Amino acid sequence: MKLRTLVAGLVAATFSMAAFAQQPIVIKFSHVVANDTPKGKGAEFFKKKAEELTKGRVKVEVYANSTLYKDKEEMEALQLGAVQMLAPSLAKFGPLGVKEFEVFDLPYIFDGYDSLRKVTLGPVGQQMLGKLEAKGIKGLTYWDNGFKSFSANTPINMPADLKGKKLRIQSSKVLEEEIRALGALPQVMAFSEVYQALQTGVVDGTENPISNLYTQKMHEVQKHLALTDHGYLGYAVIVNKKFWDGLPADIRKQLDDAMEQATRYANQIAKVENDNALEMVKKSGKTQVHTQTAAERSAFKKALVPVHKKMESRVGKETIDMVYKATGFDPAKL
């Protein structure tokens, strides 16, 4: 009787362990923008591919629109293991202590996507992701959002038109210097709070890729938009390093494959989404869209590119020079 009881117990324990082993690995993927933005769609695409390629051994839970963590909370949550995956904007890594990433915030350092790819797909971009490991973070890849434009409730033709305006920015010393170079007042604020701040006049304007402006309905409370394309907004997809290193090797490879596919998808749709959002902003009739002349663009460049030199001591001259070399940018030719 005792033997039968022991055998029955062992069988039950074995089934219990087998059932536990079949439980999917859960990846909580938190981000702060809407589902219908390039990042939101990229996250959903990754979820789909990850679950397909791992045949259900991994379950990805996507939390959009700051429903799980806000801008200021999510990085700490990742480091503590409360969430496994994020796609924060590149500006978030400066406050974390990896100031080299603020090179991405420098105005006009990238002249379009071809210039950008020479960094994000090249050795400079990979070297920068590697610097995150000391913070307990594994950098996987870069995702685009797009190039930023200025908005306000008054026309924006020349840099002087923004003088004295309170402009919302992400937390970034480079962006603070950028706004001051225009004679404007930088206002650091969580992304989820911007619409209300614009609506109530707490801030006068902001800088955003058009997809963010439109999906967050900021165009409803901004009368003017100038297509300056003065700065890049991108993301690094990151995971908790301890979690990532602890995954079975085959699972990790499948997730790498899923991320590679999601990156191609997210970056392909980023420009399309921004172009579509611009058309919707124009159709709304709520915001007057201004396309810059060559002279106006030149004036903004002359006002903002000196920020590169001012930020050398923070970002690192070596990092800035590596990007210049990769992209062929020469500030002396402005």
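No value in this document is a laboratory result; all are computed from the given coordinates. Every value quoted in this text rests on a predicted model; they were computed, and no experiment measured them. Note that each Cβ is placed from the backbone with ideal geometry, even for glycine, and that neighbours are counted across all protein chains shown.
What ranking do 69-77, 91-99, 195-203 get when scored by the average of other Cβ atoms within 10 Å per residue, highest first? Intermediate results must be reported in sequence, preceding the final value.
Details: 69-77: 17.2, 91-99: 19.1, 195-203: 15.7.
My ranking of the peptides, most packed first, is 91-99, 69-77, 195-203.
When DSSP assigns beta bridges and you keep just the ones with both residues in the chain, what percent turn out antiparallel, to the nearest 5?
Close to 50 percent.
Could you work out how far helix 2-21 tilts from the main Cα principal axis of the chain, as a 0 to 90 degree angle to the nearest 10? Taking Cα atoms only, the helix is inclined about 20 degrees. Would you mind checking the tilt of helix 249-284 against the longest principal axis of the Cα atoms of the chain, expressed as 0 to 90 degrees and rounded to 10? Helix 249-284 and the main axis of the chain meet at about 30 degrees. Once a ≥ b ≥ c are taken as the square roots of the eigenvalues of the Cα gyration tensor of the chain, is the result rounded (a/c under 1.5), prolate (a/b larger than b/c) or oblate (a/b not larger than b/c)? Taking the square roots of the gyration eigenvalues as a ≥ b ≥ c, the chain is prolate. Residue farthest toward the positive end of the dipole of the chain, with Cβ of Lys/Arg at +1 and Asp/Glu at -1: which of Gln216, Ala134, Val103? Towards the positive end, the residue furthest out is Ala134. Computed about its Cα centre, the charge dipole of segment 2-326 is approximately 500 debye, with only Lys, Arg, Asp and Glu carrying charge at their Cβ.
Can you find, among Ile251, Pro155, Ile269, the residue sitting farthest towards the positive end of the charge dipole of segment 2-326, where Lys and Arg contribute +1 and Asp and Glu -1 at Cβ? Value computed over the given set: Ile251.
Our coupling estimate for segment 145-162, obtained by passing each phi through the Karplus curve with A = 6.51, B = -1.76, C = 1.60 and θ = phi - 60°, is 10, x, 9, 8, 10, 8, 10, 6, 9, 10, x, 10, 10, 10, x, 4, 5, 9 Hz, Gly and Pro reported as x. Annotation: amide H-H contacts under 5 Å for Gly231 (H modelled 1.01 Å from N, sequence separation of 5 or more, or interchain): Tyr108, Lys148. For the chain, the longest principal axis of the C-alpha atoms and the axis of helix 71-80 are separated by about 30°.
Residues of segment 109-132 falling in the label zone of Asp245, defined by backbone nitrogen less than 15 Å from a point 7 Å along Cα to beta-carbon, are 130-132.
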